[in-house]
Amino acid sequence: MKYGRVKNYYNGEFVDSSSANDLDVISPIDGNLLSVVPMSSAEELDSAVKSAKNASAAWAGAPIKERVQVFFRYRYLLERNLDELTALVSEENGKTWDEAKAEVEKSIELTEFACSMPQLVSGEILEVSKGVECRTEHFPLGVVASIVPFNFPLMVPNWTMPNALVLGNTMIMKPSELVPLSCQRMAELLKEAGLPDGVFNIINGGREIVEAICDHPDIEAVSFVGSTHVAKLVYQRSTNALKRCVALGGAKNHLFVLPDANPTMTATNVTASMTGCAGQRCMAASAMLAVGDVDPIIDQICDEARKVVPGKNLGAVISRAAKERIEGYITEAEKSGAKVLVDGRGATVDGKEGGTYVGPTVIDHVTPEMSVATEEIFGPVISIIRTGTLDEALKIENANPYGNAASVFTQSGGAARYVMEHASAGMIGVNIGVPVPREPFSFGGWNDSRFGANDITGKSSIEFWTKLKKTTTKWNPEAGVNWMS
């Protein structure tokens, strides 16, 4: 075992869990044991919440200009430790070096946005009547929680942590039990940056801890990123306990490819979207709607896909169970009459036979009712559904329950605008395979891809992590009495 047993973190210290139930943390790259992670108890969550609650008043009472100084230093530490963090993300998640490095760089960008908060939450003031002023101010909620997934061990924690903390909250973070090591290192960097003890806390565990977070009376808000099935349960349970909740679920992202699309740009973008992070991201291309005759573009996509090699420029999927599930989808589609143009089943990497790899897979002649057309595969697989018209393609996209992202590849501004207006998704791309907004624009889908009123990043997150106080003042008695006073 390369690393010691994973610990919880509260009161500024790493604390051994009293749980006797541990899970192995396995590197998807080669199958080696990295660590073990405890399945902590609800009583241990209480200790973490108490730590956060004790730190809450002092942290919230510090001016935002002082709070943000911690994150200027944290941003510097992320940059200084970029290679170390890249290696850790790659090792525990299975990403390629370049993908893991991009994840750390995105974490730096997210922190930079948090550092701009003093300019974004300065409030408003207006003389609404003679001698009467109204003003607004953002106040922290108190103790909040963030439940994060396996596919981005560092980036998704940094979606929530910097914004929530700069805005004056204290936080409990529950990492994925599959990838708990990056959050451990994040806690160390925050302490080095000068974050007061108790402001950031980590509790490791599984379902019991998630349910305890949803139920805990001293936690005011919960953010969640994961599958739609669990997102619904977390949202329902948290809001039933009268908490705020934003829960991001799964996706089935559709790419519309029109005959006038630029072949090279389309093929490279579609391939990068389907294979990036081994397809384990909620913005990955999953279904391609081939509108009309786009066979030359499909041929070029296949050529590009064959250039993506497991262990070289394609990372591993998270586990053996994930590999078997993804390959099962491919086999089921083939048995149902679809044609596998590029087959990634049975992929292995020399010297890393214990790793869990699935090669790029392109499946043609998929029909809309097949499972590969409707369900989230979360692997480097794209299903091609052929349609005669753009309206027919939009009907298929609109019928899917998810609504994270959709992209259109075309040189027609009119066609692009038509998709932008009619696709049922919260994030739209034009000739872009992964239409993730950059800060200050927020990340969030529609339909069964998001539950809750706000997005999880960017400006929209301010409304989630704060409560608004409105104050009306009048000092001059000569202003008299009117309906305003």
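Matching residues to (1) crowded, with 24+ Cβ neighbours inside 10 Å; (2) assigned to a loop (DSSP other than H, G, I, E, B); (3) hydrophobic (A, V, I, L, M, F, W, C); (4) assigned by TED's automatic domain parsing to the domain that holds GLU99:
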{"residue": "THR264", "(1), (2), (3), (4)": "no, no, no, no"}
{"residue": "THR271", "(1), (2), (3), (4)": "yes, no, no, no"}
{"residue": "ALA278", "(1), (2), (3), (4)": "yes, no, yes, no"}
{"residue": "CYS282", "(1), (2), (3), (4)": "yes, yes, yes, no"}
{"residue": "ALA287", "(1), (2), (3), (4)": "yes, no, yes, no"}
{"residue": "PRO296", "(1), (2), (3), (4)": "no, no, no, no"}
{"residue": "ASP299", "(1), (2), (3), (4)": "no, no, no, no"}
{"residue": "ALA305", "(1), (2), (3), (4)": "no, no, yes, no"}
{"residue": "LYS312", "(1), (2), (3), (4)": "no, yes, no, no"}
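For every residue, the table says whether it meets (1) touching a residue at least 24 places away in the same chain (Cβ under 8 Å); (2) among the small types (Gly, Ala, Ser); (3) more than 20 Å from CYS277 (Cα to Cα).
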position: ASN158; (1), (2), (3): yes, no, no
position: THR170; (1), (2), (3): yes, no, yes
position: MET186; (1), (2), (3): yes, no, yes
position: LEU190; (1), (2), (3): yes, no, yes
position: GLY194; (1), (2), (3): yes, yes, yes
position: SER227; (1), (2), (3): yes, yes, no
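Among the residues of segment 160-170, are any within 27 Å of GLN280 (Cβ to Cβ) and part of a strand (DSSP E or B)?
Checking segment 160-170: not a single residue is within 27 Å of GLN280 (Cβ to Cβ) and part of a strand (DSSP E or B).
Mind listing whichever residues of segment 26-59 are surrounded by fewer than 22 Cβ atoms within 10 Å (Cβ to Cβ), closer than 15 Å to GLY206 by Cα and β-branched (Val, Ile, Thr)?
Once the filter is applied, which keeps residues that are surrounded by fewer than 22 Cβ atoms within 10 Å (Cβ to Cβ), closer than 15 Å to GLY206 by Cα and β-branched (Val, Ile, Thr), segment 26-59 yields only VAL36.
Filter segment 88-102 down to the residues that are surrounded by 15 or more Cβ atoms within 10 Å (Cβ to Cβ), in a helix (DSSP H, G or I) and not acidic (Asp, Glu) and list them by number.
Scanning segment 88-102 gives LEU88, VAL89, SER90, ASN93, ALA100, LYS101, ALA102.
Looking at (1) under 25 Å from GLU397 (Cα atoms); (2) within 23 Å of the chain's Cα centre (by Cα), find the lone condition where VAL317 falls short.
All conditions are met except number (1).
Among PRO175, PRO196, which is crowded, with 21+ Cβ neighbours inside 10 Å and of a type outside the set (Gly, Ala, Ser)?
PRO175
Cβ-Cβ distance below 8 Å, separation of 6 or more or different chains: which pairs start in segment 256-267 with a residue that is among the small types (Gly, Ala, Ser) and end on one that is assigned to a loop (DSSP other than H, G, I, E, B)?
ALA261/VAL294; ALA261/THR410; ALA261/GLN411; ALA261/ASN431
Here's the yes/no breakdown for (1) free of Cβ contacts under 8 Å to residues at least 60 places away in the same chain; (2) in the same structural domain as ASN169 (by TED's automatic domain parsing); (3) of a type in the set (Gly, Ala, Ser); (4) not in a helix (DSSP H, G or I):
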position: TYR3; (1), (2), (3), (4): no, no, no, yes
position: PHE14; (1), (2), (3), (4): no, yes, no, yes
position: ILE29; (1), (2), (3), (4): no, yes, no, yes
position: LEU34; (1), (2), (3), (4): no, yes, no, yes
position: GLU43; (1), (2), (3), (4): yes, yes, no, no
position: SER56; (1), (2), (3), (4): no, yes, yes, no
position: ARG67; (1), (2), (3), (4): no, yes, no, no
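Among the residues of segment 211-229, which ones are surrounded by fewer than 21 Cβ atoms within 10 Å (Cβ to Cβ) and either in contact with a helix residue (DSSP H, G or I) (Cβ under 8 Å, 6 or more places away or on another chain) or not assigned by TED's automatic domain parsing to the domain that holds ASP16 (or both)?
GLU211, ASP215, ASP218
May I ask you to verify whether VAL49 is part of a strand (DSSP E or B) and in contact (Cβ under 8 Å) with a residue 60 or more places away in the chain?
When the stated conditions are applied, VAL49 does not pass them.
Restricting attention to segment 423-466, and to residues there that are acidic (Asp, Glu) and more than 17 Å from TYR402 (Cα to Cα), which single residue is modelled with the lowest pLDDT?
Looking at residues that are acidic (Asp, Glu) and more than 17 Å from TYR402 (Cα to Cα), I get GLU439.
How about segment 103-126: which of its residues are touching a strand residue (DSSP E or B) at 6+ places or on another chain (Cβ under 9 Å) and either closer than 25 Å to THR86 by Cβ or of a type in the set (D, E, K, R) (or both)?
GLU124
Is it the case that segment 9-25 has a residue that's within 30 Å of LEU314 (Cα to Cα) and touching a helix residue (DSSP H, G or I) at 6+ places or on another chain (Cβ under 6 Å)?
no
Based on what the data block shows, is THR389 hydroxyl-bearing (Ser, Thr, Tyr) and touching a helix residue (DSSP H, G or I) at 6+ places or on another chain (Cβ under 7 Å)?
In short, no.
Is it the case that ASP260 is among the charged types (D, E, K, R), assigned by TED's automatic domain parsing to the domain that holds SER40 and not in a helix (DSSP H, G or I)?
No.
The values are calculated or read from the model by the stated rules, or taken from the named source; none is laboratory data. Quick caveat, the model's predicted, so the values are computed rather than measured. Cβ coordinates were reconstructed from backbone atoms using ideal geometry, including for glycine residues, and neighbour counts include every protein chain displayed.
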